[in-house]
Amino acid sequence: MALTAYYISAHPQELTNSHGVLHTLNLNNDYTQKLFKKELGFSINAYIQHIKLSEAKRLLLQRQLSVGKIASLLHFYDTPTFSKTFKKAVGLSPLKYRELNYLSLTSQSY
């Protein structure tokens, strides 16, 4: 399970779903899915989603990329799907997250 979790954490911009990860790692899909959930308490897809949203937060703070570009980089179906998923998980839209955290970062530098 450590290899699977490490691979997911190390490749947030290459992830699409658990089947792709397990295929890349040459692991049995059903067995690994069950073992991952049993040992960690959540599914591989839930972990992938968490890692992708963590990467989205990091990219949003860099401000060079549009929300649409970030959605594309992280293999979301489209920008509205990314925005809806982000807002559901974080409680803020991607743009609001960027705005509030950018203001927080700039006020801390003074």
- Task: May I ask you to verify whether Gly20 is at pLDDT 95 or above, part of a helix (DSSP H, G or I) and open to solvent by 20 Å² or more (accessible area, probe 1.4 Å)?
- Result: no
- Task: Filter the range 91-100 down to residues that are open to solvent by less than 50 Å² (accessible area, probe 1.4 Å) and within 10 Å of Leu60 (Cβ to Cβ) and give me whichever is nearest to the chain's Cα centre (by Cα).
- Result: Pro94
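Give the residues of the range 25-62 that are basic (Lys, Arg), more than 12 Å from Ala5 (Cα to Cα) and open to solvent by 20 Å² or more (accessible area, probe 1.4 Å), sorted by residue number.
The first filter runs over the range 25-62 and keeps only residues basic (Lys, Arg), leaving 34, 37-38, 52, 57-58.
After this cut, where a residue has to be more than 12 Å from Ala5 (Cα to Cα) as well, the list is 34, 38, 52, 57-58.
Correct list: Lys34, Lys38, Lys57, Arg58.
When you look at Ser83, is it modelled with pLDDT of 95 or more, more than 23 Å from Tyr6 (Cα to Cα), open to solvent by less than 90 Å² (accessible area, probe 1.4 Å) and not aliphatic (A, V, I, L, M), yes or no?
On the way: modelled with pLDDT of 95 or more: yes; more than 23 Å from Tyr6 (Cα to Cα): yes; open to solvent by less than 90 Å² (accessible area, probe 1.4 Å): yes; not aliphatic (A, V, I, L, M): yes.
Yes.
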- Out of Gln64, Gln33, Gln49, sole residue that is on the phi < 0 side of the Ramachandran plot and modelled with pLDDT under 90: Gln64
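The values are calculated or read from the model by the stated rules, or taken from the named source; none is laboratory data. Here the structure is a predicted model, which means the values were calculated and not measured. Cβ sites come from the backbone with ideal geometry, for glycine too, and all protein chains shown count toward neighbours. For accessibility, only protein heavy atoms count, side chains too; no ligands or nucleic acids. Shrake-Rupley method; radii C 1.70, N 1.55, O 1.52, S 1.80 Å.
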